[in-house]
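For reference, the structure is listed below as C-alpha cells.
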C-alpha cells in the first residue's frame, strides 16, 4: 500500500487513554460492556475509534460485545476504521490489534510503527468521558457529557476535576 501517513499523535493518544484508564482496556475484545454498569472497555483499535468520536454499534439490549462502529456517518468494522484512522497497513494493524498484546507490547509496537512520541504525554487523557457507564440502559449509542443525566436511567456521570498547573496564567508574558 502506498500513500499511507501514519498518525503518531493519534496512536500515542490511545496509549495515554489506556494508561489513564487501564480498567477500560480489554485487548481481547473490540468493545465490551462491562458487567455491573462500570463502562465500556475497548482494545487499542476500539479506543482509536472512540477517541475519533465514533460510537459502538450495539444491535441488541443484551449484547455485551460488538465489532461494529458508526464512524464518519456509516457502519464500519472497527478494525478497518481504526486502520484508516491510524494510517497504517493491514500487516501493521494485525500486529497492533492482536488480542494477546500487553500494554508493554502496545508501547513497543507503537514506537516501532509510528516512531518516537511527537510530544509529551497527554495529561488530560483521564478527562476523556467514558462511553455510557450503565450497560443496562438499552441501546444508547452515545457518550454522556459529565453532569448530564442519562435519559433512560437518570444516572449522572460525575464532573471530573481538572488537573492544575503550577504555572500562573500569562507567566512570562509582556502584559
In the stretch 18-50, which residue that is surrounded by fewer than 22 Cβ atoms within 10 Å (Cβ to Cβ), touching a helix residue (DSSP H, G or I) at 6+ places or on another chain (Cβ under 6 Å) and modelled with pLDDT of 80 or more is nearest to residue 109 (Cα to Cα)?
-> 25
Among what's in the stretch 87-112 and is within 12 Å of residue 15 (Cβ to Cβ) and in contact with a helix residue (DSSP H, G or I) (Cβ under 8 Å, 6 or more places away or on another chain), pick the residue that is surrounded by the most Cβ atoms within 10 Å (Cβ to Cβ).
-> 96
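Take residue 117 and decide whether it is in a helix (DSSP H, G or I) and in contact (Cβ under 8 Å) with a residue 24 or more places away in the chain.
On the way: in a helix (DSSP H, G or I): no; in contact (Cβ under 8 Å) with a residue 24 or more places away in the chain: yes.
Answer is no for this residue.
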Subset of the stretch 89-108 (residues that are farther than 17 Å from residue 50 by Cα and within 17 Å of the chain's Cα centre (by Cα)) = 98, 99, 101, 102, 103, 106, 107
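The values are calculated or read from the model by the stated rules, or taken from the named source; none is laboratory data. No experiment lies behind these values; they were computed from the predicted model shown. Every residue, glycine as well, gets a Cβ built from its backbone with ideal geometry; the counts of neighbours run over all protein chains shown.
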